[in-house]
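The values are calculated or read from the model by the stated rules, or taken from the named source; none is laboratory data. This one's a predicted model, so the numbers in the text were calculated from it and none came from an experiment. Heads up, the Cβs are rebuilt from the backbone with ideal geometry, glycines too, and the neighbour counts pull from every protein chain shown. To get the accessible areas, we keep the full protein, side chains included, count just its heavy atoms, and leave off ligands, DNA and RNA. Shrake-Rupley method; radii C 1.70, N 1.55, O 1.52, S 1.80 Å.
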Amino acid sequence: GLVRSGQLDYVGSSNSMALDVMKAQEAARNRNFMGLVSEQARYDLLGRLAELEMIPTVRDQGMGLTIFSPLVRGLLGVNVLEPIERPMSDQAKRQLERCRPQLTQFSELCRDLGEKEANVALAWTLSCDAVASVIIGPTSVGDLTELMRAVEIALSAETMERLDEIFPGPK
């Protein structure tokens, strides 16, 4: 319909299971269609389940991964070593307390690196070769300018290992 009529150039999926992406790709191939070019998914230091199936799937299918909320609604941008001045929902406060040990280690690592938490978290997400883009939600031009620093950060192998220790991936 929409692709054949020229109303859509590319099609992607969101929050799909890897099996469903593979079925969609097969159905597209059977119809001589291009198929999906991207999958939108969660992938961040606190949520790494995409490493199990989705990242291998998009690599295999030549797709790109678009990441939503890579800072977990700002949680990975908080310096927990200092008083938190920004307003937080009750849910965010509970998650912060649940993850405080990890976030404390993360803030300490970021201080050692001389970088802000949000930039290190984004740099980590962008270091995955399957990630084509991230969807961020800065609240000001200043915040956007600050977040752009993330694309300049090259995390060393030692830093990546330390991040894996703080935020272990799925087994």
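For segment 67-97, the residues whose backbone nitrogen is under 15 Å from a point 7 Å from the Cα of residue 140, taken along Cα to Cβ, are 85-87. Largest first, the residues 84, 153 sort by 1.4 Å accessible area into 84, 153.
Full extension of the chain segment joining residue 164 with residue 51 gains 39.4 nm, where the gain is 0.36 nm per residue of separation less the Cα-Cα distance.
Dividing the convex hull volume of the alpha-carbon atoms in segment 32-92 by its residue count gives 106 Å³ per residue. When each of the peptides 52-61, 13-22 is scored by the mean number of other C-beta atoms lying within 10 Å of its residues, the order from highest to lowest reads 52-61, 13-22.
For the residues 45, 65, 81, a GNM of the chain with alpha-carbon springs under 10 Å puts the largest fluctuation on 81. Normalising the average separation of contacting C-alpha pairs (under 8 angstrom, six or more residues apart) by the number of residues puts the relative contact order of the chain at 23 percent.
In the calculated pair-distance distribution of the chain, the portion above 29 angstrom amounts to 28 percent of the Cα-Cα pairs.
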